[in-house]
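The values are calculated or read from the model by the stated rules, or taken from the named source; none is laboratory data. Predicted model, so just to flag it, every value in this text is computed and none were measured. Glycine gets a Cβ as well: all are built from the backbone with ideal geometry, and neighbour counts include every protein chain shown. Only protein heavy atoms, including side chains, enter the accessible area calculation; ligands, DNA and RNA are left aside. Shrake-Rupley method; radii C 1.70, N 1.55, O 1.52, S 1.80 Å.
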Amino acid sequence: MKYVFPANFWWGSACSALQTEGESQQGGKSATTWDTWFAREPWRFHQQVGPQETSTFYRHWRQDIALLKQLNHNSFRTSLSWSRLIPDGTGEVNPQAVAWYNDVIDELLAQGITPFITLFHFDMPMVMQEKGGWESREVVEAFSRYAQICFELFGDRVQHWFTFNEPIVPVEGGYLYDFHYPNVVDFKRAATVAYHTVLAHASAVRAFRAGHHSGDIGIVLNLTPSYPRSQHPADVKAAHHADLLFNRSFLDPVLRGEYPADLVALLKEYDQLPACQPEDISLIAEGKIDLLGINYYQPRRVKCRDSAVNPDAPFMPEWLFDYYEMPGRKMNPYRGWEIYEPGIYDILTNLRLNYGNPRCFISENGMGVENEERFIENGQINDSYRITFVRDHLKWLHKGISEGCNCLGYHMWTFIDNWSWCNAYKNRYGFVQLDLATQQRTIKKSGEWFAATAALNGFTQ
Ligand code: BGP
């Protein structure tokens, strides 16, 4: 069967500033929470490798853009670093950073690669975290100013903007489950952080529209479809609650301009509602986007709780559901995540049927692999498992498009093996293998397969 994608389909990959740039304190850049946390608690990071050790895009950008071209990318997403552009968070713009980002954007365009730019991919400047991070309204204001500066500096060439990448992750990581700084475990504070992130997003959208910039303003959300163990009402309710907390807490504000009434009621019931101000309602309504990026890795399978919660313990999401390991589910044997390709179709179909079929694209999908060097054959990683992974997801994506879903492209996570937060280099995701010691880059088999697929705008199987 032939799988042909619509004309001008976006083929590419994504990465982020902190995960690839390196030179984390060079070129006038200030520290992010990750630099500071790593300096304080290096044992938290896989093999104690911190954000200084990257593919050093800051120096190898021209070579890497040539590689993107070789992979037949017509588009590529990365993020700008707030702490590189405005080192003290709120003050002067750093001219070295502006010059460098200008070079990168210009080179991408010169190579026929459309830049997709994220403003915030987990890398809070430490100086802003010290002012309270997303718990503080002051930081919301500062982000909006940073966004406005970026639109003015680069908006003549960048036509696809994303305010945040996976905004729920710093909420979960930093305020619920202790895998991001500041390592707080407190639902109400997590809810405040999530709420202020939505306000920051909406303020940036407001600034974008007020500046009459051309192009799209969007956001990238990691959508994890919530599947109940059974159709028993208690399991279905558990899945609904997981969906409200982890998907719709961002999806509804950015697509509908308001929170789901069920979510508000739920947080009220457990006394977890963040403090709101009357003018927030109209700001959130203005935060509706032009383009949604969807990161999809794995589904969330849930069931109702089998045991009662301790009413004296602090409230956590797990009061509302339990995780469920579905028997027979297909696992990625090299990373421990479930692989469920129809999930990508379910996400798109839900958007088509329930959210007015918004313009969207797959902004991340990928397969992490531990110790990937074991698959080297004749000097190249033969990652046939990754080719299967991408191809099988693309088939479900194709089905969604053929039924009318408004999906405009597919970006893989990621271009080159990169540093990934606390996991550092544990899981490799790239189309290009990185030898961290020598900085040598070698295209994997999957990179060749992707280049051919992008050139043909599809594949036959
Ligand atoms: C996504 C993030 C990326 C990247 C990826 C892989 O959720 O947007 O930044 O880190 O996950 O994650 P990991 O290395 O933990 O497997």
- request: Sort largest first and round to whole Å: the equivalent ellipsoid semi-axes of segment 71-195, each the square root of five times a Cα gyration tensor eigenvalue.
  value: 29, 17, 11
DSSP-assigned coil residues among trypsin sites (Lys or Arg not before Pro) in segment 291-333, each with at most 12 further Cβ atoms within 10 Å: K330
Overall dimensions of the chain by Cα: Rg and Dmax, Å: 21.1, 64
task: Quick one: check the C-alpha center-to-center distance for segment 293-369 versus segment 216-265, whole angstrom.
output: 10
task: Please work out how much length the chain gains when fully extended from K268 to N457, using 0.36 nm per residue of separation minus the C-alpha to C-alpha distance, in nm with one decimal.
output: 63.2 nm
task: Let me know the Rg and Dmax you get for segment 358-429 when you use only its Cα atoms, in Å.
output: 14.7, 45
query: For segment 2-134, what number results from the quotient of the Cα radius of gyration and 2.2 N^0.38 Å?
result: 1.16
statement: Answer in debye to the nearest 20: the dipole magnitude of the chain about its Cα centre, from +1 Lys/Arg and -1 Asp/Glu charges placed on Cβ, is 1100
- request: Would you grab the residues whose amide H sits under 5 Å from the one on G430? Only those 5+ places off in sequence or on another chain, please, with H modelled 1.01 Å from N.
  value: T414, D417, N418
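Sorting check: for 228-238, 448-458, 339-349, 53-63, which peptide has the highest mean count of neighbouring beta carbons within 10 Å, and how do the rest follow? Write down the numbers at each step before the final one.
Values: 228-238: 15.3, 448-458: 17.0, 339-349: 21.0, 53-63: 18.5.
The packing order, highest mean first, is 339-349, 53-63, 448-458, 228-238.
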field: By average C-beta atoms within 10 angstrom, highest first, the peptides 4-17, 103-116, 71-84, 309-322
entry: 71-84, 4-17, 103-116, 309-322
task: Set Lys and Arg Cβ to +1 and Asp and Glu Cβ to -1, take the dipole of the chain about its Cα centre, and tell me which of P42, H232, P167 lies farthest positive.
output: H232
- prompt: Seen from all sides and averaged, what is the projected area of the convex hull of the Cα atoms in segment 148-270, in nm²?
  reply: 9.0
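If you wrap a convex hull around the C-alpha atoms of segment 214-295 and split its volume per residue, what is the figure in Å³?
About 104 Å³ per residue, rounded to a whole number.
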task: Any lysines with Cα under 18 Å of the K188 Cα? List them, leaving off those in the same chain fewer than 8 positions away.
output: K268
Within straight-line cross-link reach of K303, aspartates and glutamates at Cα separation under 12 Å, skipping those fewer than 8 residues along the same chain: D235, E318, D322, E325
query: Rounded, prolate or oblate: which fits segment 123-207, taking a ≥ b ≥ c as square roots of the Cα gyration tensor eigenvalues, rounded meaning a/c under 1.5, else prolate when a/b beats b/c?
result: prolate
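In whole percent, and with a 1.4 Å probe on the protein chains, what portion of the accessible area of segment 376-461 is carbon and sulfur?
Values: 1490 of 2990 Å².
In segment 376-461, the share of accessible area belonging to carbon and sulfur is 50 percent.
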field: All-pairs alpha carbon distance profile, segment 294-437, 5 Å steps from 0, percent
entry: 2, 8, 15, 16, 15, 15, 13, 8, 5, 2, 0, 0
task: Please calculate how many Å² of accessible area segment 79-219 carries per residue, with a 1.4 Å probe and no DNA, RNA or ligand atoms counted.
output: 31
statement: Charge tally for neighbours of T114 with beta carbon under 12 Å away, counting Lys, Arg as +1 and Asp, Glu as -1, is +1
message: Checking the cross-link filter: which lysines have an alpha carbon closer than 17 Å to that of K399, excluding same-chain neighbours under 8 positions apart?
response: K2
- prompt: Taking H as built 1.01 Å from N, whose amide H comes closer than 5 Å to the amide H of T114, not counting residues under 5 places away?
  reply: S75, F76
Segment 74-127 - convex hull of alpha carbons, volume per residue in Å³: 59
- line: Taking only C-alpha positions in segment 384-461, Rg and Dmax in angstrom work out to 14.5, 47
For peptides 255-264, 20-29, sequence by mean Cβ density within 10 Å, most packed first: 20-29, 255-264
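Tell me, what is a quarter of the convex hull surface for the C-alpha atoms of segment 189-337, in nm² with one decimal?
Projected over every direction and averaged, the Cα hull of segment 189-337 covers 11.2 nm².
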